[in-house]
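J.: The structure is given below, and queries will be raised subsequently.
The values are calculated or read from the model by the stated rules, or taken from the named source; none is laboratory data. Since the model is a prediction, treat every value here as computed from it, not as a measurement. Glycine also receives a Cβ, built like all others from the backbone with ideal geometry; neighbour counts cover every protein chain displayed.
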């Protein structure tokens, strides 16, 4: 066996893919350097292929033959858990509420004597005087759904970009509620928004809502400021995150920290981290000893900054919970977005350093839309480290959003099975996939869906492994159908009853922009596409657009009519949810974000909507399009 063979064996044992298909359907074999770097990031002591054999022996020796760190009990049924070799003297299963559950040891396996309640339970085995522990996730196989059959509709939007005559620098929760009331009054029941998670808003603001400081807290920028609310001019060139941050700080300056806030250890630690970021600099890897490792002394923390974040989180949580109660009374829901990762300088990575793989970034391999590959700029969760802690962090992140959302969209749900890792300093095409424990992660998602009565949508766009196609229907999770992606095949198929239907998303062109090819010009300008490839892309786009128009019985020469036909066609489909992007309702050409570009190249996430809320809500054309969609949905529900 050669050194490369041994390296491949080590990589495979760690869950690293030594061969995969990229988005161009090419078979890729990662280089030895890639595999060595990734084996090292996953804990092996290796600097080159020659050390692979010894590293594999060390890995095998370190792995216990005892109980696994996580066990799934689907629908509460715990299958026998093998204890492995050795003398087991005691087994104990403690439920989430602290009560014991009856178990017994039969033929070297732990067996539960009754069905387990839903929750996260703890199994302990004593073997040869040592204790082994496992987290038992008791979860329904199928995610939660509202009773009955529904043909719902809503709209999707970027909350910060909404503009009204009362808006300040960024839109707030009152603007969100206004849109929700407008949708509900016209027969819809959902408004989906991009992540409402905290971002860095200081000297180097992070305008992307997907570049969050934490997946465990909320963005204070969404706060309704009450008597401190000061509108800015209706027409602004770009969204000013730093000004919005200053507005919130001025409004909360005199508020005191509620006593019960100090009892929330995670919240206090988060606030102190934000205080340290201001005092010591954003890159916590340059902080002094102790602070860098997660131990903050008072001299490391700007006390006023910490106070601000304590107050801001308490107030944001209060306002969001109040908003959900008010909307529930109107039977309208908010859809939230579970970001796939967190900022490398953020709280989650600092507070859980052993949980994230160092020297790695997550992205995607080359595909037709991004022939160079993609780097999303955040560190991956270490799959085995996550298992060792019972996926506690992942569960917290999901529960944080599911507790507020009526519908939770899981960004890049392929991460439940595998993620594409790129070693720092290497090309975007030089990474490879790492496997994740999909059964355990889907169990958490299903459990939190039921606990919070939250329906789940998985963003299954791009390069999708077959496991995802099987898992989503099995766990009653909707996928996503995009009309502009459906065009271009042999024929344009309508969405099924398994998919939420959209025209496009925040990462795609709008309908009008797609037909006009605006994104093609931008991709060439930003270096995402070679200029000599653009003519063929435009021809392909024209053919796809004409195919869609033919399917709908419309014409590209009459976009308003084509849009209404598309909304009716999607609405009459068996899809459970039809959610057009709000800006498509007035045929906006500019898209919110062009993936693969930086804000220095293009104002991603910084463009305010061209129409004020008052304008589009009073626009007869928009009103007619919404009426067409609602009537189509009602017809679909009758037919079902």
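J.: Could you identify the single residue in 384, 374 that is in contact with a strand residue (DSSP E or B) (Cβ under 9 Å, 6 or more places away or on another chain) and either more than 30 Å from residue 190 (Cα to Cα) or free of Cβ contacts under 8 Å to residues at least 24 places away in the same chain (or both)?
T.: 374
J.: Tell me which of these residue 289 doesn't satisfy, since it passes every other one: (1) assigned to a helix (DSSP H, G or I); (2) surrounded by fewer than 22 Cβ atoms within 10 Å (Cβ to Cβ).
T.: Here residue 289 meets the rest and fails (1).
J.: Of the residues 517, 431, 458, which is in contact with a helix residue (DSSP H, G or I) (Cβ under 8 Å, 6 or more places away or on another chain) and on the phi > 0 side of the Ramachandran plot?
T.: Numbers: 431 fails: on the phi > 0 side of the Ramachandran plot; 458 fails: on the phi > 0 side of the Ramachandran plot.
Only one candidate qualifies: 517.
J.: Oh, and also: Based on this model, can you work out whether residue 297 counts as modelled with pLDDT under 95, surrounded by fewer than 19 Cβ atoms within 10 Å (Cβ to Cβ) and under 30 Å from residue 381 (Cα atoms)?
T.: Working: modelled with pLDDT under 95: no; surrounded by fewer than 19 Cβ atoms within 10 Å (Cβ to Cβ): yes; under 30 Å from residue 381 (Cα atoms): yes.
Taking the combined requirement at face value, the residue does not satisfy it.
J.: So residue 453 clears everything in (1) part of a helix (DSSP H, G or I); (2) surrounded by fewer than 19 Cβ atoms within 10 Å (Cβ to Cβ) except one condition, right? Which one?
T.: The failed condition is (1).
J.: Another question, then. Which members of the stretch 202-224 meet the condition of being in a loop (DSSP other than H, G, I, E, B), within 14 Å of residue 274 (Cα to Cα) and at pLDDT 95 or above?
T.: 212, 213, 214, 216, 217, 218, 219
J.: I want to confirm something. Restricting to the stretch 420-431 and keeping residues that are crowded, with 24+ Cβ neighbours inside 10 Å and in contact (Cβ under 8 Å) with a residue 60 or more places away in the chain, which single residue is nearest to residue 391 (Cα to Cα)?
T.: Looking at the filtered set, the residue picked out is 421.
J.: Turning to a different aspect of this structure: Pick from 143, 84: which is outside any strand (DSSP E or B) and under 30 Å from residue 7 (Cβ atoms)?
T.: Answer to the selection: 84.
J.: Could you list, in sequence order, the residues of the stretch 541-561 that are closer than 12 Å to residue 514 by Cβ and in contact (Cβ under 8 Å) with a residue 40 or more places away in the chain?
T.: Residues satisfying the conditions are 544, 545, 548, 556, 559.
J.: Could you figure out which of (1) within 26 Å of residue 192 (Cα to Cα); (2) out of contact with any helix residue (DSSP H, G or I) (no Cβ under 9 Å at 6 or more places or on another chain); (3) surrounded by fewer than 17 Cβ atoms within 10 Å (Cβ to Cβ) isn't true of residue 367?
T.: Status for residue 367: all satisfied but (1).
J.: Would you check which residues across the stretch 488-522 are closer than 12 Å to residue 575 by Cα and in contact (Cβ under 8 Å) with a residue 40 or more places away in the chain and list them?
T.: Answer for the stretch 488-522, where residues must be closer than 12 Å to residue 575 by Cα and in contact (Cβ under 8 Å) with a residue 40 or more places away in the chain: 494, 495, 496, 497, 499, 500, 501, 502.
J.: Quick check on residue 549: is it surrounded by 17 or more Cβ atoms within 10 Å (Cβ to Cβ) and more than 27 Å from the chain's Cα centre (by Cα)?
T.: yes
J.: Residue 71: surrounded by 16 or more Cβ atoms within 10 Å (Cβ to Cβ) and over 33 Å from the mean Cα position of the chain (by Cα), yes or no? Walk me through how you get there before you give the answer.
T.: Details: surrounded by 16 or more Cβ atoms within 10 Å (Cβ to Cβ): yes; over 33 Å from the mean Cα position of the chain (by Cα): no.
Taking the combined requirement at face value, the residue does not satisfy it.
J.: Still on this structure: Specify which of the listed residues (244, 276, 261) is within 28 Å of the chain's Cα centre (by Cα), part of a helix (DSSP H, G or I), in contact (Cβ under 8 Å) with a residue 12 or more places away in the chain and within 19 Å of residue 159 (Cβ to Cβ).
T.: On the way: 276 fails: within 19 Å of residue 159 (Cβ to Cβ); 261 fails: within 19 Å of residue 159 (Cβ to Cβ).
That would be 244, the only listed residue that is within 28 Å of the chain's Cα centre (by Cα), part of a helix (DSSP H, G or I), in contact (Cβ under 8 Å) with a residue 12 or more places away in the chain and within 19 Å of residue 159 (Cβ to Cβ).
J.: Of the conditions (1) closer than 19 Å to residue 309 by Cα; (2) in contact with a helix residue (DSSP H, G or I) (Cβ under 6 Å, 6 or more places away or on another chain); (3) assigned to a loop (DSSP other than H, G, I, E, B), residue 199 fails just one. Which one is it?
T.: (2)
J.: Scanning the stretch 600-622 for residues that are in contact (Cβ under 8 Å) with a residue 60 or more places away in the chain and part of a helix (DSSP H, G or I), which turns out farthest from residue 233 (Cα to Cα)?
T.: Restricting to residues being in contact (Cβ under 8 Å) with a residue 60 or more places away in the chain and part of a helix (DSSP H, G or I), the top hit is 621.
J.: In this structure, does residue 597 turn out to be touching a strand residue (DSSP E or B) at 6+ places or on another chain (Cβ under 8 Å) and touching a residue at least 60 places away in the same chain (Cβ under 8 Å)?
T.: Taking the combined requirement at face value, the residue does not satisfy it.
J.: Quick check on my filter: what residues within the stretch 317-335 are touching a strand residue (DSSP E or B) at 6+ places or on another chain (Cβ under 8 Å) and not in a helix (DSSP H, G or I)?
T.: Scanning the stretch 317-335 gives 332, 333, 334, 335.
Here's the yes/no breakdown for (1) surrounded by fewer than 19 Cβ atoms within 10 Å (Cβ to Cβ); (2) farther than 18 Å from residue 614 by Cα; (3) free of Cβ contacts under 8 Å to residues at least 24 places away in the same chain:
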residue: 150; (1), (2), (3): yes, yes, no
residue: 159; (1), (2), (3): no, no, no
residue: 163; (1), (2), (3): no, no, no
residue: 175; (1), (2), (3): no, no, no
residue: 185; (1), (2), (3): yes, no, yes
residue: 195; (1), (2), (3): no, yes, no
residue: 200; (1), (2), (3): no, yes, no
residue: 210; (1), (2), (3): no, yes, no
